[in-house]
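The values are calculated or read from the model by the stated rules, or taken from the named source; none is laboratory data. Not measured: the values here are computed from a predicted model. In this analysis, Cβ positions are derived from the backbone assuming ideal geometry, glycine residues included, and neighbour counts consider all displayed protein chains.
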Amino acid sequence: MTAVAAAGCTAYSADTSWRFAEHVLDMVALKERMALFAAAELALFAVALMARQNLREKGMPGTPGVLVWVITGVQIIPAFAESGFWGGIVRAFVGPVMAAWLWHLAMGIELRHRRPGAESQSLPSVLWREGRERLLSRLGLTVRDRTAEQITRDRWTVKAVSLAARLADMAPDDKQRERVARKLSLAVGRAQAGAHPEQKRMLLQLLAARRHARSLATVELPSPWTPEAEAAVRPRSVAKVAHSALTGMHPVDAIRTVADAHPHLDPAKLASLLVAHGVVVSATQVEFALRGTPSVQLRHRGYATAADQRQPRVAALWEPESRTGAEASDVSDADADAALLPDALRVDQAARVETGRPASLRRLQTELRIGQKRAQRMQRLLTTPPAESADEVPMQTTDSIRN
């Protein structure tokens, strides 16, 4: 139906062009008039098709979309020339204007219909939008979806603020003071600030800003050209600060720091939290790092000499629970492994950074100065996967290390 109506309006416009060609353009020859009278209507249809193609390929109607309305504007002239003022309005509206608009809709070249929310960036469209927004701002209608009552209250609130600020600047003996006070009382009543807490809050905030406007000129502000001021304007997030601090620590120190901040979390959850902050550890490593914390006591730091090479030496006392026989010996080995685990973690982390793989058995033996069996035990601890739940974490005891 849209296409049928568009064709009818185009024929209506063609009738105007036929009469205009004879009476104004002096095309008296029938063949000449038949060949040329509908040139504008054909051009209108052609540019409409080109605008449709541009919209499909480029997303915008482009120049053909503008030419549709240029041709329509020119076609209005024959309508008024043939039928005068009132008849010209009818001929112009029913003919070229409705033909252009209906072809516009029938071909689907309306940008807002094709892409909801899109706005034309042509100069007339931009001028229309900017003019409309400025007019609404001048009328005080920039805040949408307000009732007429709310608009009235807001307008009187602004007026009350202006009168109150004016009254505060007036001298006590000023003759106009009483008149301004009466206007202020009327404005406060119209604003209904006493009956609406939100209106009262807005009134007081606007009045405070108005009365203390002079102090704005003396507010202390940091210079935007100094690095300190830039850092103060754009502070880093808490997550970035925590990530930077934890990744710069030794893994054992990071584990203990996070454990102190979250004492209620089990090793599995602590490991997940550490991984989220960039410290890759397993739940077993977290457990042994925390178990070794209260039991190791540093006694002396010196240097051990072997083959004329000075190596750091730390003497530590590990104080496990009192046990007897073979059980005490096994527990002693397990506790010693737990005390050595922080150094093993450091070696393993360095190996992963350098080679992308866990520390080898030979590297653990060389850097930790331990034997092969103990290095194998440390390697198993380092490669143990995290516990799947909090119930599985307590099973990683000294008996499992001993086995």
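Within region 17-34, the set of residues being closer than 17 Å to Pro78 by Cα, of a type outside the set (Asp, Glu) and not in a loop (DSSP other than H, G, I, E, B) comprises Ser17, Trp18, Arg19, Phe20, Ala21, His23, Arg33, Met34. For region 340-383, enumerate the residues that are outside any loop (DSSP other than H, G, I, E, B), more than 12 Å from Gln285 (Cβ to Cβ) and of a type in the set (A, V, I, L, M). The answer is Leu340, Val347, Ala350, Ala351, Val353, Leu361, Leu364, Leu368, Ala375. Put simply, of Ala217, Ala187 the only residue that is assigned to a helix (DSSP H, G or I) and in contact with a helix residue (DSSP H, G or I) (Cβ under 8 Å, 6 or more places away or on another chain) is Ala187. Go through region 154-201 residue by residue and tally those that are among the acidic types (Asp, Glu) and under 17 Å from Val143 (Cβ atoms). Going through region 154-201 one residue at a time, the tally reaches 2.
Cβ-Cβ distances below 9 Å connect the following pairs, each with a first residue in region 233-254 that is outside the structural domain of Ala350 (by TED's automatic domain parsing) and more than 20 Å from Ala283 (Cα to Cα), a second residue that is exposed (fewer than 10 other Cβ atoms within 10 Å of the Cβ) and at pLDDT 75 or above, and a separation of six or more residues or different chains: Val233/Pro224. Working only within region 132-165, note down all residues that are under 29 Å from the mean Cα position of the chain (by Cα), in a helix (DSSP H, G or I) and among the polar types (S, T, N, Q). Within region 132-165, just Ser137 meets the criteria. All conditions in (1) crowded, with 18+ Cβ neighbours inside 10 Å; (2) more than 17 Å from Thr247 (Cα to Cα); (3) among the hydrophobic types (A, V, I, L, M, F, W, C) hold for Leu368, with the sole exception of (1). Scanning region 29-60 for residues that are more than 41 Å from the chain's Cα centre (by Cα) and among the small types (Gly, Ala, Ser) yields Ala29, Ala35, Ala38, Ala39, Ala40, Ala43, Ala46. If you check Trp101 against the conditions, is it without any contact (Cβ under 8 Å) to a residue 24 or more places away in the chain and closer than 17 Å to Thr10 by Cβ? In short, yes. Can you pull out every residue in region 81-96 that is touching a helix residue (DSSP H, G or I) at 6+ places or on another chain (Cβ under 6 Å) and either within 19 Å of Ala7 (Cα to Cα) or modelled with pLDDT of 90 or more (or both)? Passing the criteria: Arg91, Ala92, Val94, Gly95, Pro96. Would you be able to say whether some residue in region 70-79 is more than 22 Å from Pro124 (Cα to Cα) and either touching a helix residue (DSSP H, G or I) at 6+ places or on another chain (Cβ under 6 Å) or not basic (Lys, Arg) (or both)? Checking region 70-79: at least one residue is more than 22 Å from Pro124 (Cα to Cα) and either touching a helix residue (DSSP H, G or I) at 6+ places or on another chain (Cβ under 6 Å) or not basic (Lys, Arg) (or both).
Checking the conditions here, which among Ala328, Ala276, Ala315, Ala306 is at pLDDT 80 or above and small (Gly, Ala, Ser)? I'd like the intermediate steps shown before the answer.
Numbers: Ala328 fails: at pLDDT 80 or above; Ala315 fails: at pLDDT 80 or above; Ala306 fails: at pLDDT 80 or above.
Among Ala328, Ala276, Ala315, Ala306, only Ala276 is at pLDDT 80 or above and small (Gly, Ala, Ser).
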